[in-house]
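Heads up: the structure comes next, in C-alpha cells.
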Ligand SMILES: Cc1cc2nc3c(=O)[nH]c(=O)nc-3n(C[C@H](O)[C@H](O)[C@H](O)COP(=O)(O)OP(=O)(O)OC[C@H]3O[C@@H](n4cnc5c(N)ncnc54)[C@H](O)[C@@H]3O)c2cc1C
C-alpha cells in the first residue's frame, strides 16, 4: 500500500482522498484550517461534475440539498440576450445549484467514514523530492510519503516549489456575494442575470437549502472591480441596496428586507501550469488551473481531476496495492497528459469570456449580439451549451466529452 499525502481538504482534496482510499491506498489529508467550513455561497454543478459525484456514489445526497437549474437567462435592460437550456443538449441534463458548505460536508463525511486520516489546523508548509519519494514538511513536523497531492487552492505556495513554468494572475474584478432565503422567488429553476454593458452584472442562482436555516435559498452575486470592493464594503448593505435598486428593484427590496444576510467578497485569479506533475508530486483543482467563476466550472474541474487521477493510478498499478515509485510517477505523468486538453479549453474560454462580462471595455453590445445570434444557429448554440455543461474537450472537437471520461 502506498501512502499519499494530500495538502488541502477542499473539493479536489476530499474527492481524491475518497477515491484513493477506496483503491486500498493509505491517505492522509493535511488542512491548514482547524475547522474547514467553506465560506462562500452557491456553486453551479454542471452535468460533468454531477457525473463525477455519481462515480463517487454521492450524487443522490447532493441532490437532496441542491436546486435543479434548467436554464440560464441574461437581460441587458429588458432585452433577453442569454437563453441557455440544459435540456437542449440532452433531455435529462440540468445544473444543480448547491451551497458550497453542503457539497464540502458531504465529501467530508464520506472521507471521514472511510477512515481517511485528517490533520486539521496543520498545513503543508514545504516538500522535498528524495529518491522517488517526497519528504513532506507540515506545521507540526515532517513525514515521508510515496506521493504528494497538492490541492490547496488558488493561492498555493506549494505550487511555486515545483520546477514548472507557471503563472498566477489575479483578476482585476471580483464579486460581492450574499445568501438570501426566499420561498416564493418566481424563478426557482433559472439562473437569472442582469447586465449593464460589461461593467455591471447581477445574478441570482437557486442554491437549494441554506445550511444555516434549512430554508430554500438563493445566491446573489454582484460583480465589481476590485478597486471598488473596499468602497462598497464601507458603504455596507445600504450602499449595495441603493446600487442594486437601479438595476433590479425586486432584488434590492429582497436584500433590504432580509434578516440573515451574510455578504462576502470573492476575488479570483487565473492560474496556468505547463504540466500538472513533477515526479511524485501532482497538482489538482484551483491550485493547478484556477479561473474566473464566469463559466461556473471550478468545482466541476476539481471533481474531474480527482476522478482522472484515481483512474490513472488504477491503470498504472493494475489494481495492486503494492505500488512502487515508478508506477506513481507514471500515473501522475498520465494525469498531466489526460487533463491537458480539457483544462486548456476552459482556461481559454474563461480568458475570452471574462472581459465580456466583467470589464470597463465597451464590449457588452458585442457579447449581446453574439449570444443572441448564437441562439439562432443550432451548431453554435450546441457548442455554447457543451461548454457550459463542462463537456467540451477542445475547440475543434465538437463531440460531447464522455460523461464517464
Ligand atoms: C465567487 C466564486 C464563485 C464560484 N462559482 C462556481 C460555480 O458556480 N461552479 C463551480 O464549479 N465553481 C465555482 N467556483 C470555483 C470553486 O469554488 C473552486 O474551483 C473549487 O472550490 C476549487 O476546489 P479546490 O479543492 O481546488 O480548492 P479549495 O476549495 O480552495 O480548497 C483548498 C483547501 O486547501 C486548504 N489549504 C490552503 N493552503 C494549505 C496548505 N498549505 N496546507 C494544507 N491545506 C491548505 C484551504 O484551507 C482549503 O480548504 C467559484 C469560485 C468563486 C471564488
Which one of 138, 168, 102 is within 23 Å of residue 32 (Cα to Cα) and within 10 Å of the ligand (Cβ to nearest atom)? 138
When residues of segment 57-73 are filtered for being more than 11 Å from the ligand (Cβ to nearest atom) and either surrounded by 23 or more Cβ atoms within 10 Å (Cβ to Cβ) or at pLDDT below 95 (or both), how many remain? 2
If we take segment 249-367, then helices (runs of 4 or more DSSP H) inside it with 2 or more residues that are more than 16 Å from the ligand (Cβ to nearest atom) and either at positive phi or within 18 Å of the chain's Cα centre (by Cα) (or both) are 325-357
Checking residue 50 against (1) modelled with pLDDT of 95 or more; (2) over 26 Å from residue 323 (Cα atoms); (3) out of contact with any helix residue (DSSP H, G or I) (no Cβ under 8 Å at 6 or more places or on another chain): exactly one of these is not met. Which one? (3)
Among (1) buried (at least 20 other Cβ atoms within 10 Å of the Cβ); (2) farther than 17 Å from residue 169 by Cα, the one test that residue 286 misses: (2)
(1) in a loop (DSSP other than H, G, I, E, B); (2) under 29 Å from residue 183 (Cβ atoms); (3) more than 12 Å from the ligand (Cβ to nearest atom): which one isn't true of residue 115, the others all being true? (2)
Odd one out for residue 28, checked against (1) more than 8 Å from the ligand (Cβ to nearest atom); (2) assigned to a strand (DSSP E or B); (3) buried (at least 21 other Cβ atoms within 10 Å of the Cβ): (3)
How about segment 219-236: which of its residues are in a strand (DSSP E or B) and away from the ligand (no atom under 16 Å from the Cβ)? none
Has segment 370-388 got any residue that is at pLDDT 90 or above, within 28 Å of residue 20 (Cβ to Cβ) and not in a helix (DSSP H, G or I)? no
Considering residues of segment 196-212 that are in a strand (DSSP E or B), out of contact with any helix residue (DSSP H, G or I) (no Cβ under 6 Å at 6 or more places or on another chain) and touching a residue at least 60 places away in the same chain (Cβ under 8 Å) only, the residue surrounded by the most Cβ atoms within 10 Å (Cβ to Cβ): 207
Within the bounds of segment 312-320, is there any residue that is within 30 Å of residue 212 (Cβ to Cβ) and surrounded by fewer than 20 Cβ atoms within 10 Å (Cβ to Cβ)? no
Just need a number here: residues in segment 146-158 that are more than 9 Å from the ligand (Cβ to nearest atom) and crowded, with 22+ Cβ neighbours inside 10 Å. 3
Residue list for segment 31-56, restricted to those being more than 7 Å from the ligand (Cβ to nearest atom), closer than 25 Å to residue 117 by Cα and in contact (Cβ under 8 Å) with a residue 40 or more places away in the chain: 34, 35, 37, 39, 52, 53, 55, 56
Return the pairs, sorted by first residue and then second, in which the second residue is more than 8 Å from the ligand (Cβ to nearest atom) and not in a strand (DSSP E or B), the first residue lies in segment 136-157 and is within 14 Å of residue 278 (Cβ to Cβ), the beta carbons are less than 6 Å apart, and the residues are 6+ apart or on different chains. 147/280; 147/328; 149/16
Would you mind telling me which numbered condition in (1) more than 23 Å from the chain's Cα centre (by Cα); (2) surrounded by fewer than 20 Cβ atoms within 10 Å (Cβ to Cβ) residue 136 fails? (2)
Is it the case, given these coordinates, that residue 89 is modelled with pLDDT of 95 or more and more than 10 Å from the ligand (Cβ to nearest atom)? no
Has segment 172-182 got any residue that is under 24 Å from residue 264 (Cα atoms), touching a helix residue (DSSP H, G or I) at 6+ places or on another chain (Cβ under 8 Å), outside any strand (DSSP E or B) and touching a residue at least 60 places away in the same chain (Cβ under 8 Å)? yes
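The values are calculated or read from the model by the stated rules, or taken from the named source; none is laboratory data. Treat the numbers as computed from the prediction; the structure is a model and nothing was measured. Please note: Cβ atoms are built from the backbone with ideal geometry, for glycine as well, and neighbour counts cover all protein chains shown.
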